[in-house]
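**Student:** One structure coming up, written as structure tokens, with questions to follow.
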Amino acid sequence: MKFNVRTDPGGHQFQARAGEKLLDAALRQGIGLPYGCRNGRCGSCSAALLEGSVAYPSGKTEALEGQPPGTCLTCQAVAESDLLVRVAEVASVTEIEARILPCRVASKEQLSHDVVRLQLKLPDNQRLHFFAGQYLDFILRDGRKRAFSIANAPHDDDHIELHVRHVPGGEFTDYVFDSMKDRAILRILAPLGTFVLHEDSDSDRPMIFMGGGTGFAPIKGMVEHAFHTGIERPMHLYWGVRSRRDLYLSELPERWAREHPNFDYTPVLSEPDADWDGRAGFVHEAVVADHPDMSGFDVYMSGPPVMVEAGRLAFEARGLGVDHMFSDAFEYAADSKRKQESASS
């Protein structure tokens, strides 16, 4: 059984399955309802129930205390009928305020010789509301900041996933690799950035994702979000690294390609191993070799500035308009701001 949920004044409509929380249903279908803790405590998800009825199977409704009659908590409420709710939808990244939040390191996992995966946990009464592809800043004790892309999709927000590459001589990454312990307490500023997935329901343009190194991180979040929301447009990921050992999670896009008919994956090595029989060279060259006419695509690029700029020039020369080219270029430096966020273009 499914119930239709309409929003006012946004005028959007989505379907909630029986027993499915309204917020989960909305996010699954690309509707940007506001939220905070996702456990019924903070009230950030409050909406006015104008028509229909809801239930609270989990019983977590602390934030309803003192609220006007007819208020519902979308993070806990499930539909018992078709609904009309009045709620201020979040339409763009500019509508989500970046916040300073404490977090602890839930786990640290070595993914390759120079990349670790951090899983960060916010306090129990907090969740991070973000768009797929955004990033966060770590705030160091002296006020300096280090930025890393968020690698998980918004629906999968029990933890915040980061892919951290070790930069020789980098003070912060030395700490992450050499001495950071589980349960270490850190401060973050998030969410940040405008490199996000453009979910145009009327578009049938195929999407190309081009990542370099840990530029795979925000792309991972975007692709997983696209799968979760049911985007059926063709997607092709090109991941450029030096050698095979730098493909630190290659089994993941390989699995995506097996499980999703609309997804393809091409790893590209610039310094290929002797036994490598796949694509070699610069990653943007592999893209244009496969797609000499780029005019019909949406392209997302994430990685070192030299890769992003080479891709921009090559793709423009093959007909790709700037309105369909989105990029996130970041620097690796020994002791400076790690990432320079570029405006989407």
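**Student:** If I histogram all Cα-Cα distances within the range 36-136 using bins 5 Å wide from 0, what percent of pairs lands in each bin?
**Tutor:** Percent of Cα pairs in each bin: 2, 11, 16, 18, 16, 14, 9, 6, 4, 2, 1, 0.
**Student:** Related question: Considering only protein heavy atoms and a probe of 1.4 Å, how much of the accessible area of the chain is carbon and sulfur, as a whole percent?
**Tutor:** Answer for the chain: carbon and sulfur cover 48 percent of the accessible area.
**Student:** To continue, here is another question. Towards the positive end of the charge dipole of the chain, with charges on Cβ (+1 Lys, Arg; -1 Asp, Glu), say which of PHE315, LEU111, GLY170 has the farthest Cα.
**Tutor:** Towards the positive end, the residue furthest out is GLY170.
**Student:** For the range 88-150 and the range 280-317, write down the distance between their C-alpha centroids in whole Å.
**Tutor:** Here the answer is 28 Å between Cα centres.
**Student:** Counting only C-alpha contacts under 8 Å and six or more residues apart, can you give the relative contact order of the range 65-128 as a whole percent?
**Tutor:** Numbers: 33 pairs, mean separation 13.1, N = 64.
Contact order relative to length: 20 percent.
**Student:** For LEU189 and HIS159, compute 0.36 nm times the residue count separating them, minus their Cα-Cα distance, and round to one decimal in nm.
**Tutor:** Extending this stretch completely gives an extra 9.3 nm.
**Student:** What Rg and what Dmax come out for the range 256-309 when only alpha-carbon atoms are used, in angstroms?
**Tutor:** Expressed in Å, the Cα Rg and Dmax of the range 256-309 come to 12.9, 36.
**Student:** Something else: Roll a 1.4 Å probe over the protein heavy atoms and report the accessible area of ARG41 in Å², nearest 10.
**Tutor:** 120
**Student:** Label ASP8 and ASP200 with points 7 Å out from Cα along Cα→Cβ: what is the distance between them in nm?
**Tutor:** 3.2
**Student:** Same structure, new question: For the chain, what is the number of Lys pairs with C-alpha distance below 17 angstrom, counting only pairs 8 or more positions apart or on separate chains?
**Tutor:** So the count works out to 7.
**Student:** Charges only on Cβ, +1 for Lys and Arg, -1 for Asp and Glu: so what's the dipole of the chain about the Cα centre, in debye to the nearest 20?
**Tutor:** 1040
**Student:** Just the Cα atoms of the range 116-169, one point each, no solvent: what log10 I(q)/I(0) does Debye give at q = 0.15, 0.22, 0.27 Å⁻¹?
**Tutor:** Rounded to two decimals, the profile gives -0.46, -0.93, -1.21.
**Student:** How large is the Rg to Rh ratio of the range 168-213 when both quantities use alpha carbon positions and Rh follows Kirkwood?
**Tutor:** Values: Rg = 18.0 Å, Rh = 15.2 Å.
The Rg/Rh ratio comes out at 1.18.
**Student:** With the other protein chains left in place, how much accessible area per residue, in square angstrom, belongs to the chain at a 1.4 angstrom probe?
**Tutor:** Heavy-atom SASA per residue in the chain reads 45 Å².
**Student:** Residue separation times 0.36 nm, minus the C-alpha to C-alpha distance between ALA48 and LEU140: what's the value?
**Tutor:** Once the chain is fully extended between ALA48 and LEU140, it gains 29.1 nm.
**Student:** Between GLU171 and GLN110, what is the label-point separation in nm under the 7 Å Cα-to-beta-carbon projection?
**Tutor:** 2.6
The values are calculated or read from the model by the stated rules, or taken from the named source; none is laboratory data. Because the structure is a prediction, the values reported are computed rather than measured. As a convention, Cβ positions derive from the backbone with ideal geometry for all residues, glycine included, and neighbour counts pool all protein chains shown. For the accessible areas, the whole protein counts, side chains as well, though only heavy atoms, and no ligand, DNA or RNA atoms are used. Shrake-Rupley method; radii C 1.70, N 1.55, O 1.52, S 1.80 Å.
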